[in-house]
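J.: If you scroll down you'll find the structure; I have some questions about it.
The values are calculated or read from the model by the stated rules, or taken from the named source; none is laboratory data. The structure displayed is predicted, hence computed values, not measured ones. Cβ sites come from the backbone with ideal geometry, for glycine too, and all protein chains shown count toward neighbours.
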């Protein structure tokens, strides 16, 4: 039985497009007030307008979560302006594929900074508020969802450092889950396969072409497919914790 999110507050990072945007819309439709954080403020403003036009409540927060100060500020502004924090969706991430040999290591720096450090900064800033929300919410539970990838389960040539960051997200999520689950904060890991988002736009042209060829003939997931999965997780009764979900396109073999 699904439970609506009326009276709760969610913060979604990387919300200016793709999975983050679709998730914010889905949570707002379930009654949550939603803070949406990303670097592209113009897109966030459009998203807030869309949510409000449909009767929801939303707050745009321009933030680069690779900065610990900005990650903390995003969480604190959410709590200050919306009153609490019941749900954190750590969605912000970047995928920069390519061989390890002769790799431009600035790409590694970008992935570690966003996929790992940004997620850690937001989680660290949010956890005290989530613990408090679990104690005071009529639902008796709070949620922290980390968006990983099938790359957090299956290592492939050409994905080594991206694999490393996503495997790290999985390890962190499970350790944190064990730490806070008896205090009614659920920690969930969502691992999408190929999704039709802007994620591949950041690849070098030659790597983008290789990736396109690899997924030729695969009907990619939509952002809304992942958002619906997240919506399912956070609307379960307190007794139900969905710890991990791997979701691939039907056509994806690996």
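J.: For segment 106-117, indicate whether the set of residues that are buried (at least 20 other Cβ atoms within 10 Å of the Cβ) and farther than 21 Å from residue 204 by Cβ is non-empty.
T.: Among the residues of segment 106-117, not one is buried (at least 20 other Cβ atoms within 10 Å of the Cβ) and farther than 21 Å from residue 204 by Cβ, which makes the answer no.
J.: Between 34, 12, 65, which is closer than 29 Å to residue 220 by Cα, in contact with a helix residue (DSSP H, G or I) (Cβ under 6 Å, 6 or more places away or on another chain) and assigned to a loop (DSSP other than H, G, I, E, B)?
T.: Numbers: 34 fails: assigned to a loop (DSSP other than H, G, I, E, B); 12 fails: assigned to a loop (DSSP other than H, G, I, E, B).
Matching residue, one of 34, 12, 65: 65.
Let's see how each residue does on (1) assigned to a strand (DSSP E or B); (2) farther than 15 Å from residue 11 by Cα:
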{"position": "46", "(1), (2)": "no, yes"}
{"position": "59", "(1), (2)": "yes, no"}
{"position": "85", "(1), (2)": "no, no"}
{"position": "117", "(1), (2)": "no, yes"}
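J.: Still on this structure, please answer the following. Residue under question is residue 177, and the condition is that it be in a helix (DSSP H, G or I), in contact (Cβ under 8 Å) with a residue 40 or more places away in the chain and either over 19 Å from the mean Cα position of the chain (by Cα) or surrounded by 15 or more Cβ atoms within 10 Å (Cβ to Cβ) (or both); does it hold? Quick ask: steps written out before the conclusion?
T.: Numbers: in a helix (DSSP H, G or I): yes; in contact (Cβ under 8 Å) with a residue 40 or more places away in the chain: yes; either over 19 Å from the mean Cα position of the chain (by Cα) or surrounded by 15 or more Cβ atoms within 10 Å (Cβ to Cβ) (or both): yes.
Considered against the rule, which asks whether it is in a helix (DSSP H, G or I), in contact (Cβ under 8 Å) with a residue 40 or more places away in the chain and either over 19 Å from the mean Cα position of the chain (by Cα) or surrounded by 15 or more Cβ atoms within 10 Å (Cβ to Cβ) (or both), residue 177 comes out as yes.
J.: What are the pairs, 6+ residues apart or on separate chains, where a residue within segment 59-83 that is on the phi > 0 side of the Ramachandran plot and surrounded by 15 or more Cβ atoms within 10 Å (Cβ to Cβ) has its Cβ under 8 Å from a residue that is at pLDDT 95 or above and outside any loop (DSSP other than H, G, I, E, B)?
T.: Final answer for the pair search is none.
J.: Right, here's the next one. In segment 217-226, is there at least one residue being touching a residue at least 40 places away in the same chain (Cβ under 8 Å), surrounded by 18 or more Cβ atoms within 10 Å (Cβ to Cβ) and assigned to a loop (DSSP other than H, G, I, E, B)?
T.: No; the residues of segment 217-226 include none that is touching a residue at least 40 places away in the same chain (Cβ under 8 Å), surrounded by 18 or more Cβ atoms within 10 Å (Cβ to Cβ) and assigned to a loop (DSSP other than H, G, I, E, B).
J.: Go through (1) touching a residue at least 40 places away in the same chain (Cβ under 8 Å); (2) surrounded by 15 or more Cβ atoms within 10 Å (Cβ to Cβ); (3) touching a strand residue (DSSP E or B) at 6+ places or on another chain (Cβ under 8 Å) and name the single condition residue 235 misses.
T.: (3)
J.: Considering 230, 207, which residue is closer than 15 Å to residue 91 by Cβ and either surrounded by 15 or more Cβ atoms within 10 Å (Cβ to Cβ) or under 17 Å from the mean Cα position of the chain (by Cα) (or both)?
T.: 230
J.: Which ones in segment 91-115 are under 15 Å from the mean Cα position of the chain (by Cα) and in a loop (DSSP other than H, G, I, E, B)?
T.: Scanning segment 91-115 gives 91, 92, 93, 94, 95.
J.: So, one more: Where residues in segment 152-168 are in contact with a strand residue (DSSP E or B) (Cβ under 9 Å, 6 or more places away or on another chain) and surrounded by 24 or more Cβ atoms within 10 Å (Cβ to Cβ), which of them is nearest to residue 253 (Cα to Cα)? Give the derivation first.
T.: Of the residues in segment 152-168, the ones in contact with a strand residue (DSSP E or B) (Cβ under 9 Å, 6 or more places away or on another chain) are 152-153, 166.
From what's left, surrounded by 24 or more Cβ atoms within 10 Å (Cβ to Cβ): 152, 166.
Values: 152: 15, 166: 19 Å.
By that ranking, first place goes to 152.
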